[in-house]
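Here, each number is a calculation from the coordinates, and none is a lab measurement. Everything numeric here is computed off the predicted structure, so don't read it as measured data.
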């Protein structure tokens, strides 16, 4: 599994540190992130705020198109569109987001992904459009 220092993974950035999610894996066209559930991530009814799922999906889907080989210049992208569908309430203690690049070209790419809990339950699905930036 790639480490933070190599194989296409950039170091944690301030927002990532604030929320506490971590990169588990990045390969060509694929990214996986995880976040342990905490009380401060819950909404008023005691379930994860929808924005938590959306941020994990945004990170995973965007990162899925940005993997580069060791030693190559890093790639970055911005989100043009993100559509999230919420499916279930988690039963587990961990949220795991996976993103896959499904198409695109030199400047724009498309990704799809899912957030599951550590029991394997699908919690949310998303599709997104992203633009590479210099």
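Points to keep in mind about this one:
- Comparing mean-square fluctuations of 35, 44, 61 from a GNM of the chain with C-alpha springs under 10 Å, the top value falls on 44.
- Cα-based helix-to-principal-axis angle, 50-64 vs the chain, degrees rounded to 10: 20 degrees
- Interatomic Cα distance distribution for the range 14-133, bins of 5 angstrom, percent: 2, 13, 23, 24, 19, 11, 6, 2, 0, 0
- GNM result for the chain, Cα springs below 10 Å: residue of 122, 39, 58 fluctuating most strongly: 39
- Separation between Cα centres of the range 67-134 and the range 22-63, rounded to whole Å: 10 Å
- The calculated 222 nm mean residue ellipticity attributable to helices in the chain amounts to -4500 deg cm²/dmol, summing -39500 (n - 2.57) over DSSP H runs of n ≥ 4 and dividing by all residues.
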